[in-house]
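J.: Below you'll find the structure I mean.
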Amino acid sequence: MRLNKMAQHAKEHIDQIPRVLLLGETGVGKTVFADYLGDHSTSVTRISIAEFVNKEDSFEYAFFGYCRGAYTSAKESGNPGLLLENIGKVLFLDEIGTATPAIQAKLLTFLDDFMVRPRGATQSLFCPLLIVAATNENIRENTRYRNDLFQRFTDIHHIPPIRELKHNFHFIVDAMLQNPAVNMNGKIKEVGKKAFEQIQAKNYIDGNFRELNNLLRHACQRAVSFGRDYLVDEDILEVDIPQQTSQ
């Protein structure tokens, strides 16, 4: 009885639970943004909606779970599903723009009341958690994407491409060089003026921050191989970054 009262009290504040949608091109950092929302104290579970295209039953079982004997090949122990497994945490739904109409309908229903009924269960369970969805598609102009699902998101953030952040490039490059995956052991201490101009001049339309990250990593490796602790323009010009593919 006490648990029922607690759940009812929580549902009275359901409108205070954010539903976050991240919009932006490939490589702008949507996953990083989602991890930031977890604030390192709450685990973030990432799921690609693209994996469930034309697999609506698999989506339902994976997200909403099922009880023992719910269908022929169901696990003997059943499965609580991703939603119930992540109560109070962050569930990151990447590539939500690929969701089929059936998947969109299921997500819309859940975002309305945060209620989950596993397949085969006799009652629904209240499942509050932070849903963060992301897409690099323009879903406002995509007639396949339901506007009423778009309207369910209470916090919509457009993450700008790196070409719109050139005024902050000194800070961006400095931050990336502090990443050991880019600048191993912090061996590169400086970036020469001409090298920085070469870095800033690129448009990064193929991969945004991911492309810049790869460029700096290869440039640092080249500079270190020549025994330098700074980047020069040749380090940038000699880097051949393969074209990025869309997520």
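The values are calculated or read from the model by the stated rules, or taken from the named source; none is laboratory data. The structure displayed is predicted, hence computed values, not measured ones. Don't worry about glycine lacking a Cβ; one is built from the backbone with ideal geometry, like all the others, and counts go over all protein chains shown. Keep in mind that these areas ignore ligands, DNA and RNA; they rest on the heavy atoms of the full protein, side chains included. Shrake-Rupley method; radii C 1.70, N 1.55, O 1.52, S 1.80 Å.
J.: Within the set K30/K106; K166/K187; K89/K189; K30/K166; K30/K202; K30/K189, which residue pairs have Cα atoms separated by over 30 Å?
T.: Beyond 30 Å: K89/K189.
J.: Between [x] 19.6, 61; [y] 22.4, 71; [z] 22.0, 77, which matches Rg and Dmax of the Cα atoms in Å calculated for the structure shown?
T.: [y]
J.: Something else: What is the calculated FRET efficiency for A102 to I14, with r their C-beta to C-beta distance and R₀ = 35 Å, to the nearest 0.05?
T.: The formula returns an efficiency of 0.90 here.
J.: Could I ask something else about it? To test your reading of the geometry: what angle, between 0 and 90 degrees and rounded to tens, separates the Cα axis of helix 2-11 from the longest principal axis of the chain?
T.: On a 0 to 90 degree scale, this one is about 60.
J.: Only loop residues by DSSP count here, and only those with at most 10 other Cβ atoms within 10 Å; note down the trypsin sites (Lys or Arg not before Pro) in the range 86-193 that meet that.
T.: R140
J.: So with the 1.4 Å probe, I'd like the accessible area per residue for the range 155-237, rounded to whole Å².
T.: 58 Å²
J.: Compare the peptides 21-28, 171-178 by average per-residue count of other Cβ atoms within 10 angstrom and give them in order, highest first.
T.: 21-28, 171-178
J.: Percent of accessible area on the range 134-230 owned by carbon and sulfur, 1.4 Å probe?
T.: It is 48 percent, rounded to a whole number.
J.: Could you tell me the ratio Rg/Rh of the range 114-247? Both radii from Cα atoms, Rh via Kirkwood.
T.: Ratio value, two decimals: 1.18.
J.: A further question follows. With the crude spin-label approximation of a point 7 Å out along Cα→Cβ, what separation in nm comes out for E234 versus Q123?
T.: Distance between label points: 7.4 nm.
J.: Using a Förster radius of 41 Å, what is the FRET efficiency between Q151 and N203 based on their Cβ-Cβ separation? Nearest 0.05, please.
T.: On the way: r = 34 Å, r/R0 = 0.83.
With a Förster radius of 41 Å, E is 0.75.
J.: How far apart, in nanometres, would the label points at H170 and K187 be if each is projected 7 angstrom from Cα along the Cα-to-Cβ direction?
T.: Taking the two extended label points, one gets 2.8 nm.
J.: Same structure, new question: Identify, among A134, P101, L82, the residue whose Cα sits farthest towards the positive end of the charge dipole of the chain, taking +1 on the Cβ of Lys and Arg and -1 on the Cβ of Asp and Glu, with the dipole about the Cα centre.
T.: Projecting each Cα onto the dipole axis, the largest value belongs to L82.
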